[in-house]
1. Take the residues in region B:341-356 that are part of a helix (DSSP H, G or I) and of a type in the set (A, V, I, L, M); name whichever of them is nearest to B:ILE219 (Cα to Cα).
2. Just for region A:256-279: of the residues that are more than 30 Å from B:LEU179 (Cα to Cα) and open to solvent by less than 10 Å² (accessible area, probe 1.4 Å), which one is farthest from the other protein chains (Cβ to nearest Cβ)?
3. So the check is Cβ under 7 Å with 6+ separation or different chains; which pairs have a first residue in region B:3-30 that's more than 7 Å from chain A (Cβ to nearest Cβ) and a second one that's surrounded by fewer than 16 Cβ atoms within 10 Å (Cβ to Cβ) and in a helix (DSSP H, G or I)?
4. Looking at B:VAL380, is it open to solvent by less than 30 Å² (accessible area, probe 1.4 Å), of a type in the set (Val, Ile, Thr) and in a helix (DSSP H, G or I)?
5. For residues that are surrounded by fewer than 22 Cβ atoms within 10 Å (Cβ to Cβ) and touching a residue at least 24 places away in the same chain (Cβ under 8 Å), scanning just region A:237-255, find the one that is nearest to the other protein chains (Cβ to nearest Cβ).
6. Could you tell me whether A:ALA282 is more than 14 Å from chain B (Cβ to nearest Cβ) and more than 27 Å from B:ILE219 (Cα to Cα)?
7. With the condition being of a type outside the set (Val, Ile, Thr), open to solvent by 10 Å² or more (accessible area, probe 1.4 Å) and at pLDDT 95 or above, I'd like the strands (runs of 3 or more DSSP E) fully within region B:98-205 carrying at least 1 qualifying residues.
8. Select from region B:4-24 the residues that are touching a Lys or Arg at 6+ places or on another chain (Cβ under 8 Å) and not hydrophobic (A, V, I, L, M, F, W, C) and write down the one among them that is farthest from B:SER170 (Cα to Cα).
There are 2 protein chains.
Amino acid sequence: MNGNFSFHNPTKLYFGEEAMSHLVGELKNYGPTVMLSYGGGSIKRNGIYDAVMAALKEAGKRVVEDAGVMPNPTIEKVREGARLVHDNNVDLILAVGGGSTIDYAKAVSVSAWCDEDPWEKYWVRGERPDCRIVPVGSVLTMVGTGSEMNGGSVITNRATGFKRGRVFGSDVMPKFAILNPRFTFTVPQYQMVAGFFDIMSHLMEQYFAGTADCTTDYINEGLMRSLIHSSRIAAKNPQDYEARANIMWTATWALNSLLKCGKGGDWEVHQIGHAIGLVTDATHGMTLASVSLPYYRHVMHDGLHQFVRFAVNVWGVRPEGKSDELVAQEGLASLEQWMREIGVVMHSRELGVSEENIEKVADAVLILPVGYRTLTRDEVVQILRESL
Amino acid sequence: MNGNFSFHNPTKLYFGEEAMSHLVGELKNYGPTVMLSYGGGSIKRNGIYDAVMAALKEAGKRVVEDAGVMPNPTIEKVREGARLVHDNNVDLILAVGGGSTIDYAKAVSVSAWCDEDPWEKYWVRGERPDCRIVPVGSVLTMVGTGSEMNGGSVITNRATGFKRGRVFGSDVMPKFAILNPRFTFTVPQYQMVAGFFDIMSHLMEQYFAGTADCTTDYINEGLMRSLIHSSRIAAKNPQDYEARANIMWTATWALNSLLKCGKGGDWEVHQIGHAIGLVTDATHGMTLASVSLPYYRHVMHDGLHQFVRFAVNVWGVRPEGKSDELVAQEGLASLEQWMREIGVVMHSRELGVSEENIEKVADAVLILPVGYRTLTRDEVVQILRESL
């Protein structure tokens, strides 16, 4: 562990098949008006909407409905939601859905009572909220982003052409999250697998940074090994409760700030992925999958020791009698094999990237001066081209 | 992950060489009167007392001194501290020390405004506090127990002859903890190494339970591997900041309830250790070390799959061509070698256990019906005899 840091994560997690039984008790900690935010109709088809409404009724709440949160939530939708919260004096925003819905709920929670334009204040200038923050709770129905236990909020601004992530502090983190693995069973295979890769990307993007010996890397390796094991089972049999439960738990801990303690991070794959998402509206996890191998092969030599460690400790590559380079390459080959096995998108072409829009994607990529190598714009284009 | 569980740990951690710079800011969140609880004179010799007093002064606090917290804090001392807190209307208990001091502070925090006898209510009947709970903060000077981020409180009652652990909920957990690895540098080697084994015991006692595939075990393996690596360095060079920092962080996460999520635990080694501590007043971590090998060799056949996994994933034992039993034995042999290397007490005789008091120790052992095997009293005596 190096440097100075703090850790504070007060989100209360209820996990398991009976997790919903805690919702009524949690609701009672808040005032009379609850805004129920969700996406499309899927929670109405699978019964989750009815279960949540029953809990809201039992807790005696007045419900403000807020449907239609889109997969890449926009600042326009955030402004609408903020108005609803403000005008109804909402006491709790209950987000029922995946990362997009919870990211959106957090954005609304800091915007409802904000006097300035939230996009400029939070996603451009990166300021802290100095207004009343409306509490957020969540019922998770899709696994991957970790939004249920962090302060992250990725919002898209179509007008200015940016998709930007922002990490708020512990005062914006959800107060509670209901994690029932069965609630994720009806997610289509494509979305499920995209979520698996999103988790792996969170793990790798925090792992591939730094040179010090750091406990955080050991924890990260454990989470990667668990994810690899369980995702192989779940990709074949999405109804395997044990595997889905392990993956749900892994996703939460992969991005609740534990894995950044005492070390840096990379996050360039997420930046490229966000740019692809902005241009193509493709599923987030798949955008990451499509560029990860070209990216990691590109920066491997700059962080060789860590790629060797990744190969040995995560993938079980035997290092005896091999050069560091070969060991590192074998690690990335194992990653590639696992990606093919669980069935993620291996080429950005399949998501709509092409020679025609590659420059537009590159323009939207935020280049971070962290990780083992700071890319040039030319390198971004090169990686995108290799990802096609 | 199996079953239903919840996780909620709101303790704020400040980590690193500059962690103390956050103390004044934290103190400002509480009322005017702070009780400063600590043990002997060591914090006065190493400058930590002065640094804490300076922060208390800067924050404008009235300080109630509460020195003399002993290594195995007694319920009598808790009653005294509770009276001090009550009579001075203390707003925050600031525990400066190791696990004993923080365990004690938590005990005082739930006793000061309790109308009943706290020993009977909390440590015998196991009830929840239903009185005002006085907030606790901590500045950690000794690593091992994890008390800085959990609700645990081990208290000794000499009158009735019991040493009992109690785990309170998140409302009793410290509000904040200052973790500066350098503050642990002056701890004597014997106490330092005892702390290392205490951590390992927390990890093992949560690991050796259950049969399901569980993400928690993967995280636990990562923490064990980090601890083994860093403790080997620190035992030879206690001034190695990186190693001591990794160990400090590992200790906190080894017992903050993350590692019990989704699985059972064992904890019989701690019960036997507590009994030895009660009879001999020996250092906690050393009592655990002295009985662990006989205990684990005794129960190995009952949880063979997990001992095989321990050998392979934690100690790097190669399983090819070996029986499960041999692999498991090699894992425990690696554990033994590491224990000798870092220099823990290998025989309970060195702590004062003998044929003369072995029955008295056995009488004080609480037998838990969990883990891979529930011991009989005869087996407890047998393990104690093998530990001599």
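The values are calculated or read from the model by the stated rules, or taken from the named source; none is laboratory data. Given the structure is predicted, the values throughout are model-derived calculations rather than measurements. For neighbour counting, all protein chains shown are included, and Cβ atoms are generated from backbone atoms with ideal geometry for every residue, glycine included. Heads up: the accessible areas ignore ligands, DNA and RNA and are worked out on the full protein's heavy atoms, side chains in. Shrake-Rupley method; radii C 1.70, N 1.55, O 1.52, S 1.80 Å.
1. Going through region B:341-356, the residues part of a helix (DSSP H, G or I) turn out to be B:341-342, B:348-351.
Keeping just the survivors that are of a type in the set (A, V, I, L, M) gives B:342, B:351.
Numbers: B:ILE342: 23, B:LEU351: 33 Å.
Ranking the qualifying residues of region B:341-356, first place goes to B:ILE342.
2. Restricting to residues being more than 30 Å from B:LEU179 (Cα to Cα) and open to solvent by less than 10 Å² (accessible area, probe 1.4 Å), the top hit is A:ALA275.
3. B:VAL24/B:GLU58
4. Details: open to solvent by less than 30 Å² (accessible area, probe 1.4 Å): yes; of a type in the set (Val, Ile, Thr): yes; in a helix (DSSP H, G or I): yes.
It is true that B:VAL380 is open to solvent by less than 30 Å² (accessible area, probe 1.4 Å), of a type in the set (Val, Ile, Thr) and in a helix (DSSP H, G or I).
5. Here the answer is A:TYR241.
6. Yes, satisfied.
7. By residue number, B:152-157.
8. Ranking the candidates gives B:GLU17 first.
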